[in-house]
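The values are calculated or read from the model by the stated rules, or taken from the named source; none is laboratory data. All figures in this text were calculated on a predicted structure; none of them were measured in a lab. Ideal geometry is used to build each Cβ from the backbone, glycine not excepted, and the neighbour counts take in all protein chains shown.
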Amino acid sequence: MVEFKHVTKTYARTHTHALKAVDFRIRKGEFVYIVGHSGAGKSTVLSLLLRRINPTEGVVAIAEQDLAKLRDSQLPLLRRRIGMVFQDHRLLPKLSALDNLTFALRATGFHGNQEQRALGALRQVGLAHKRKAYPIELSLGEQQRVAIARALVTNPPLLLCDEPTGNLDPDTSWEILELLNDVNIKGTTVIVATHSRDLVDRLKRRTMVLRGGELVRDDDAGGYSL
Amino acid sequence: MYALQQAMRAIRGNWVASVATITTMTLSLTILAGFSLLSLNLNQVLANLQGELEVSAFLGPGSDGPRLLETVRSWPEVARAEYVGKDRALAALVADIPSLASAAQLVDNPLPDALALRLLDPSQTPLVRVRLEQLTGVIDVEDGSDAVATFLAVNDALRVLGTILIVVLLSSALFAIVNSIRAAITAREDEIEVQRLVGATRGFIRAPFLIEGFLLGLFSAVITLGLAIPGYQFVVARLSEELPFVPFVRDPLLLGQVALLLAVLSLLVGLVGSAISVSQHLRERT
């Protein structure tokens with residue numbers, strides 16, 4: 001489903017080599033951790049998958065489609081097939097939990113019953129009862145759940161998570177991880193970029209380790225080892 | 001509908017910038033309207049002046065007036081020609097300046113006989129003048145071309161000044177819109193980021209800002225026309241009392257065209273300004 005073929009990314013302005021000749025393939029339905037220290041290149045991998053940036057060399061492909069060859073007008077269609085969760089959740093503070101989800105649906109041109117669909121996604125993350133709450137009225141863990149619901153509300157086959165537990169305590173982090181695991185069990189391919197040793201060791205899944213932009217380990221058995 | 005709601009929300013939410021933009025645009029457009037109407041009136045006065053321009057050929061003593069009249073009437077440039085005897089010329093002069101009546105009785109009539117010509121096209125005055133001067137019996141030729149030339153020079157200078165004014169004022173209106181839309185984009189950066197991430201199309205993201213620019217242009221046009229047209233009618237009504245001989249532009253069709261032009265200009269400035277801002281600040285760099 002996702003393939004990196006000899007991908008190098010250099011940020012010309014800062015002369016930073018974020019990724020160096022990285023190769024991997026992620027199959028449909030997999031749960032994959034991308035781990036590494038800050039600056040290892042984790043976020044660059046996710047940005048390439050969203051085609052927010054293009055590789056300097058190599059090919060990034062989703063479903064056999066070379067993303068660099070997509071026209072700008074095709075980007076929205078790509079992104080509708082990818083859910084994205086950030087460490088800082090990026091919920092809109094002036095919208096309720098439910099409205100944050102309907103906002104995303106409206107932006108993608110969803111024509112069905114937006115409220116019903118959004119409520120279904122909130123139910124999936126266990127927050128249907130908080131649908132009227134504004135982000136500031138929710139705990140950090142709940143905010144991240146709403147962000148996950150927003151990422152899932154369009155039923156994307158691929159979910160990308162950039163440090164989804166970075167701001168959370170261990171218990172809440174585990175809850176979020178269990179939620180992501182549930183999402184994966186239902187068929188969504190999940191890629192989690194994290195530097196949390198505890199999480200990776202607790203829920204063992206395929207783990208790719210980046211160090212200084214190089215893929216130094218790709219282990220189906222999982223576990224954190226840098 | 002969603003884009004329109006968002007645009008209205010942005011105008012309300014950022015009302016200080018919106019009012020400043022509308023004020024700048026309204027001022028610019030009102031000055032433009034004033035200048036356009038002034039130029040229109042000058043053109044009308046000029047056309048009128050040229051239409052009434054008469055060429056006079058003064059005849060020497062003993063000239064064959066009727067024969068000369070017949071000759072000039074045969075020229076294709078001449079619309080109308082008549083013989084004005086010196087007695088008739090003096091009577092007309094006294095009618096125009098009654099104080100000369102007593103003086104006229106004291107001396108012999110000093111005025112010569114003359115031919116008065118109206119041309120089909122006033123621009124052919126120099127040509128006709130030369131031909132008149134070549135006729136035997138014609139001692140002098142007079143036309144109003146000097147006055148018209150002065151008027152034309154003033155009109156041309158105003159046209160140049162008007163063009164510069166248009167460029168300066170429209171640029172300031174354009175910059176006002178560009179800044180206003182940039183402020184709106186900055187205020188909604190988070191929303192735009194989310195829209196991009198979930199896969200909103202470029203049109204969906206940009207439409208509210210383009211509509212906002214269009215609405216700012218529309219509001220400015222409505223206020224400008226609300227000020228300029230009644231204001232013009234008031235000024236013309238007052239000036240007509242003082243200067244009844246000036247043919248002010250009152251044709252509703254012509255005024256309507258000026259109003260339409262201003263409205264289209266305002267909407268265009270709104271749309272182009274927002275398009276510039278949107279293309280500068282909503283571009284995704286990969």
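Screening residue B:96 on (1) without any contact (Cβ under 8 Å) to a residue 24 or more places away in the chain; (2) acidic (Asp, Glu); (3) within 30 Å of residue B:256 (Cβ to Cβ) shows it passes everything except condition (3). Listed conditions (1) outside any loop (DSSP other than H, G, I, E, B); (2) in contact with a helix residue (DSSP H, G or I) (Cβ under 8 Å, 6 or more places away or on another chain) are all met by residue A:129, apart from (2). Within the range B:170-189, can one find any residue that is surrounded by 13 or more Cβ atoms within 10 Å (Cβ to Cβ) and within 14 Å of another protein chain (Cβ to nearest Cβ)? So far as the range B:170-189 goes, yes, one or more of its residues are surrounded by 13 or more Cβ atoms within 10 Å (Cβ to Cβ) and within 14 Å of another protein chain (Cβ to nearest Cβ). Tell me which residues, restricted to the range B:187-236, are within 22 Å of residue B:271 (Cα to Cα), assigned to a helix (DSSP H, G or I) and polar (S, T, N, Q). B:220, B:224, listed by residue number.
Here is a check on your reading of the model: is residue B:154 modelled with pLDDT of 90 or more and more than 15 Å from residue B:7 (Cβ to Cβ)? Write out each step before concluding.
Working: modelled with pLDDT of 90 or more: no; more than 15 Å from residue B:7 (Cβ to Cβ): yes.
No.
For the range A:77-89, the criterion of being more than 11 Å from chain B (Cβ to nearest Cβ), buried (at least 16 other Cβ atoms within 10 Å of the Cβ) and assigned to a loop (DSSP other than H, G, I, E, B) is satisfied by at least one residue. Out of the range A:60-69, which residues are farther than 17 Å from residue A:157 by Cβ and either more than 13 Å from chain B (Cβ to nearest Cβ) or among the aliphatic types (A, V, I, L, M) (or both)? The answer is A:66, A:68. Within the range A:3-32, being of a type in the set (Val, Ile, Thr), over 14 Å from residue A:44 (Cα atoms) and exposed (fewer than 15 other Cβ atoms within 10 Å of the Cβ) holds for one residue alone: A:14. Scanning the range A:132-172 for residues that are at pLDDT 90 or above, part of a helix (DSSP H, G or I) and out of contact with any Ser or Thr (no Cβ under 8 Å at 6 or more places or on another chain) gives A:135, A:136, A:137, A:142, A:143, A:145, A:146, A:147, A:148, A:149, A:150, A:151.
Within the range B:203-224, is there a residue that is of a type outside the set (Phe, Trp, Tyr), within 11 Å of chain A (Cβ to nearest Cβ) and free of Cβ contacts under 8 Å to residues at least 40 places away in the same chain? Reasoning before the result, please.
First, the residues of the range B:203-224 that are of a type outside the set (Phe, Trp, Tyr): B:203, B:205-208, B:210-213, B:215-218, B:220-224.
If we keep only those that are within 11 Å of chain A (Cβ to nearest Cβ) as well, we get B:203, B:205.
Among the residues that remain, those that are also free of Cβ contacts under 8 Å to residues at least 40 places away in the same chain are: B:203.
Looking through the range B:203-224, at least one residue is of a type outside the set (Phe, Trp, Tyr), within 11 Å of chain A (Cβ to nearest Cβ) and free of Cβ contacts under 8 Å to residues at least 40 places away in the same chain.
Looking only at the range A:96-123, residues that are within 12 Å of chain B (Cβ to nearest Cβ), farther than 15 Å from residue B:199 by Cβ and in contact (Cβ under 8 Å) with a residue 40 or more places away in the chain come to 1 in all. Looking only at residues of the range A:173-224 that are out of contact with any helix residue (DSSP H, G or I) (no Cβ under 9 Å at 6 or more places or on another chain) and within 10 Å of residue A:35 (Cβ to Cβ), we find that the one that is modelled with the lowest pLDDT is A:197.
Mind checking whether some residue in the range A:124-139 is away from chain B (no Cβ under 14 Å), out of contact with any Leu (no Cβ under 7 Å at 6 or more places or on another chain) and buried (at least 18 other Cβ atoms within 10 Å of the Cβ)? Checking the range A:124-139: at least one residue is away from chain B (no Cβ under 14 Å), out of contact with any Leu (no Cβ under 7 Å at 6 or more places or on another chain) and buried (at least 18 other Cβ atoms within 10 Å of the Cβ).
Between a residue in the range B:52-81 that is free of Cβ contacts under 8 Å to residues at least 24 places away in the same chain and any residue that is crowded, with 19+ Cβ neighbours inside 10 Å, which pairs come within a Cβ distance under 6 Å, given they are 6 or more apart or on different chains? Partner pairs satisfying both residue conditions: B:73/B:81.
I'd like to verify a number: residues in the range A:45-59 that are outside any helix (DSSP H, G or I), touching a residue at least 24 places away in the same chain (Cβ under 8 Å) and within 12 Å of another protein chain (Cβ to nearest Cβ), how many? Let's see the steps before the verdict.
Our first condition is that a residue be outside any helix (DSSP H, G or I); within the range A:45-59, this holds for A:50-59.
So of that shortlist, the ones also touching a residue at least 24 places away in the same chain (Cβ under 8 Å) come out as A:50-51, A:53, A:55-59.
Those left that are additionally within 12 Å of another protein chain (Cβ to nearest Cβ): A:50-51, A:53, A:55-56.
Here the count works out to 5.
Selection of first residues in the range B:247-273 that are within 18 Å of residue B:30 (Cβ to Cβ) and of second residues that are among the aromatic types (Phe, Trp, Tyr) and surrounded by 13 or more Cβ atoms within 10 Å (Cβ to Cβ), restricted to Cβ pairs under 6 Å at least 6 apart or on distinct chains, gives the following pairs, ordered by first then second residue: B:270/B:214. Taken as a whole, the range A:146-165 holds at least one residue that is touching a residue at least 12 places away in the same chain (Cβ under 8 Å), in contact with a His (Cβ under 6 Å, 6 or more places away or on another chain) and either closer than 15 Å to residue A:88 by Cα or surrounded by fewer than 20 Cβ atoms within 10 Å (Cβ to Cβ) (or both).
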